[in-house]
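What follows is one structure encoded as structure tokens, with my remarks underneath.
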Amino acid sequence: MYINIQVRPHPVFERHGDNIYCEIPISYPEATLGADIKIPTLEGEMEYTIPEGTPTGKQFTVRGKGIPSTSNSKNRGDLVFKVVVEVPKNLNEEQKAALRKYAELCGQTNTKQRESIFNKKKKG
């Protein structure tokens with residue numbers, strides 16, 4: 001007798017061993033200023049504090065919120081989530097003006113990664 005078991009993909013999480021992974025979209029203000037956001041877990045939602053200045057692609061780990069271990073029932077895997085900063089679309093004129101003012105106030109002071117790319121290009 002053969003038994004074939006297939007696990008359907010979860011709509012939110014991807015599993016690797018006992019750990020689960022997902023992406024969480026956050027807004028530009030949440031990434032810039034920091035925020036308390038809700039993240040999904042296998043048991044429901046929980047609050048998580050995103051620190052100020054979080055870049056897109058940053059991963060966070062919540063220990064013990066993954067899959068229960070099959071080898072040791074007391075242990076659980078982790079929940080690892082990556083934040084993706086959503087870029088707003090279809091801004092109204094007031095929002096565009098506010099962003100232009102923000103860009104003007106910042107000047108080139110907040111573009112360290114961009115500056116380092118061009119500095120490397122000049123050295124190379």
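The values are calculated or read from the model by the stated rules, or taken from the named source; none is laboratory data. Just so you know, these numbers come straight off a predicted model, no measurement behind them. Every residue, glycine among them, receives a Cβ derived from its backbone with ideal geometry; neighbour counts consider all protein chains shown. Heavy atoms of the whole protein, side chains included, go into the accessibility calculation; ligands, DNA and RNA do not. Shrake-Rupley method; radii C 1.70, N 1.55, O 1.52, S 1.80 Å.
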>> Please verify whether Lys82 is open to solvent by 50 Å² or more (accessible area, probe 1.4 Å) and either in a strand (DSSP E or B) or hydroxyl-bearing (Ser, Thr, Tyr) (or both), treating the condition exactly as stated.
In response: yes
> Taking segment 1-16 as the search range and keeping residues that are exposed (fewer than 10 other Cβ atoms within 10 Å of the Cβ) and not hydrophobic (A, V, I, L, M, F, W, C), which one is modelled with the lowest pLDDT?
Replying inline: Gln6
>> Taking the criterion of being within 24 Å of Gly53 (Cβ to Cβ), within 21 Å of the chain's Cα centre (by Cα) and at pLDDT below 95, would at least one residue in segment 88-106 satisfy it?
In response: yes
> How do the pairs read when you match residues in segment 62-89 that are hydroxyl-bearing (Ser, Thr, Tyr) with residues anywhere that are open to solvent by 70 Å² or more (accessible area, probe 1.4 Å), using Cβ under 8 Å and keeping only pairs 6 or more apart or on different chains?
Replying inline: Ser69/Asn75; Ser69/Arg76
> Of everything in segment 18-29 that's over 11 Å from Val83 (Cβ atoms) and open to solvent by less than 70 Å² (accessible area, probe 1.4 Å), which residue is farthest from the chain's Cα centre (by Cα)?
Replying inline: Asp18
> Taking Ser69 and the conditions (1) exposed (fewer than 11 other Cβ atoms within 10 Å of the Cβ); (2) farther than 19 Å from Thr32 by Cβ; (3) modelled with pLDDT under 95, which numbered condition does it fall short on, given that it satisfies the others?
Replying inline: (1)
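Among what's in segment 30-54 and is of a type outside the set (A, V, I, L, M, F, W, C) and open to solvent by 70 Å² or more (accessible area, probe 1.4 Å), pick the residue that is farthest from Arg15 (Cα to Cα).
First, pick out the residues of segment 30-54 that are of a type outside the set (A, V, I, L, M, F, W, C): 30, 32, 34, 36, 38, 40-41, 43-45, 47-49, 51-54.
Checking which are open to solvent by 70 Å² or more (accessible area, probe 1.4 Å) leaves us with 36, 38, 43, 45, 47, 49, 52.
On the way: Asp36: 25, Lys38: 20, Glu43: 15, Glu45: 18, Glu47: 21, Thr49: 23, Glu52: 29 Å.
For segment 30-54, the residue satisfying everything is Glu52.
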